[in-house]
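Just so you know, all these numbers are worked out from the coordinates, no wet-lab data involved. Every value quoted in this text rests on a predicted model; they were computed, and no experiment measured them. Counting neighbours? That spans all protein chains shown, and the Cβs are built from the backbone with ideal geometry, glycine included.
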Amino acid sequence: MPGLIAAVILAVVSMVVLGVLFRSWGTGLWIGVPTALGCLLGYEYRHVKYAGAAAMVVGMVTLLAVTIALGLGGVFCGAVLLGISALPLGLGAIVGRLLRIRMNERWFIARRSMLMLTLFAGLCVWGWIDGPAKPGELETVVTRVEIAAEPDRVWDSLMYYEEVTHPPPWILRVGLARPTATEGWSRKVGETKKCLYNKGWITKRVTGVETNRTLTFDVIEQNIGYERDVRLTGGSFELEPMAGGGTRLVMKTAYRPLLGPRFGWAWAEHLAVGILHEYVGEGIAIRAGEAAEVRAAR
């Protein structure tokens, strides 16, 4: 039990220092901390056949709880973190177990403290090297929705995510802030619409309008609790008439990511935005009085 408490303390303090004080949300936080946690947990368990499994379970629960408690991410980000952290946790547990085998019991307690301090110091250096999170290269998610209505009807039915009224899929309910209302207009260049959420707001300004064809907008304010994760920059709706009748609606969302490593987070971000697009497309189709066929291109 003392070893488990030590591991939890290491995770909490390390995530506070890296994520809150250093504002470093890269590999040190999402790979370094799980590796160190796995190492300390693997060091604690005496039974070889249980060490890896115990370290994985305890480590994942600890990381998820600390991430949500510190506001470093919500349920969706926490779930993604579990996938990213699985391998580092396992490798750390193996290293910790090997260290334990080489140490005799008499020095176990003292060396546990030394190991804990060494891991913490290493994480601090890692976080310092990573530095504060900086916006990455612009990424764009594109989703296409085919609606059995002419472009003028689809144009009149355009709406933002915050204006869709039918029930959202579960991943949007648990993973995103909940929209509550909108204020303003969004049909002419320069018009702004403030989209209110249970955790804040986003303000969008129209930058381009070509009736029945294109609506583009910039995100000029973002304050919904995800400022550590992404910086939204803008998006667009593009309407393409289909040869056999109907409209192909192309939705784009552009953002600059803050989380790393990108191989661990990019796919999850694209998945979430793609599902949001599909939900918006369904809402537009419902308002236009038609069904929608979703074809994603992410």
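Some notes on this structure:
- Given R0 = 25 Å, the distance between the Cβ atoms of Glu227 and Ile129 translates into a calculated FRET efficiency of 0.65.
- Gain on full stretching of the segment that runs from Glu238 to Ala65 - 0.36 nm per residue minus C-alpha separation: 58.2 nm
- Cut-off 15 Å between beta-carbons: net charge of the residues surrounding Lys193, Lys and Arg +1, Asp and Glu -1: -1
- About the Cα centre, charge dipole magnitude for the chain (Lys/Arg +1, Asp/Glu -1 at Cβ), debye: 1400 debye
- Packing rank of 280-287, 3-10, where each peptide gets the mean count of other beta carbons within 10 Å, highest leading: 280-287, 3-10
- Simple rule: put +1 on each Lys or Arg Cβ and -1 on each Asp or Glu Cβ in the chain, find the dipole, and look at His277, Val12, Gly235; the Cα lying farthest toward the positive end is Val12.
- Glu240 sits among other residues whose Cβ lies under 11 Å from its own Cβ, and their net charge, with Lys and Arg +1 and Asp and Glu -1, is +1.
- Taking packing as the residue-averaged number of other Cβ atoms within 10 angstrom, the listed peptides 190-197, 31-38 run from highest to lowest as 31-38, 190-197.
- If you take the Cα centroid of the stretch 169-205 and the Cα centroid of the stretch 209-270, the two points sit 13 Å apart.
- Highest to lowest packing among 78-88, 132-142, scored as the average C-beta count within 10 Å: 78-88, 132-142
- For the stretch 2-130, the mean projected area of the C-alpha convex hull, equal to one quarter of the hull surface, is 6.9 nm².
- Karplus 3J(HN,Hα) series, Hz, for the stretch 31-44 with 6.51 cos²θ - 1.76 cosθ + 1.60 (x for Gly, Pro): 10, x, 5, x, 5, 5, 4, x, 4, 5, 5, x, 5, 7
- Linear extension gain, Glu137 paired with Thr207, 0.36 nm per residue minus alpha-carbon span: 23.1 nm
- Rounded D (µm²/s) - the stretch 166-206, Kirkwood Rh over Cα pairs, Stokes-Einstein at 20 °C, 1.002 mPa s: 190 µm²/s
- Less than 5 angstrom separates the built amide H of Trp25 from those of Ala133, all sequence-distant by 5 or more or on a different chain.
- Distance histogram for the chain (every C-alpha pair counted, 10 angstrom bins, percent rounded to whole numbers): 6, 25, 26, 18, 13, 8, 3, 1, 0
- Its Kirkwood hydrodynamic radius, worked out from the mean inverse distance over all distinct Cα pairs, puts the stretch 112-199 at 18.4 Å.
- Between Thr143, Gly83, Val58, the Cα set farthest toward the positive side of the dipole of the chain (charges on each charged residue's Cβ, about the Cα centre) is that of Val58.
- Remark: spin-label model distance Met114-Asp156 equals 7.9 nm, labels positioned 7 Å along the Cα→Cβ axis.
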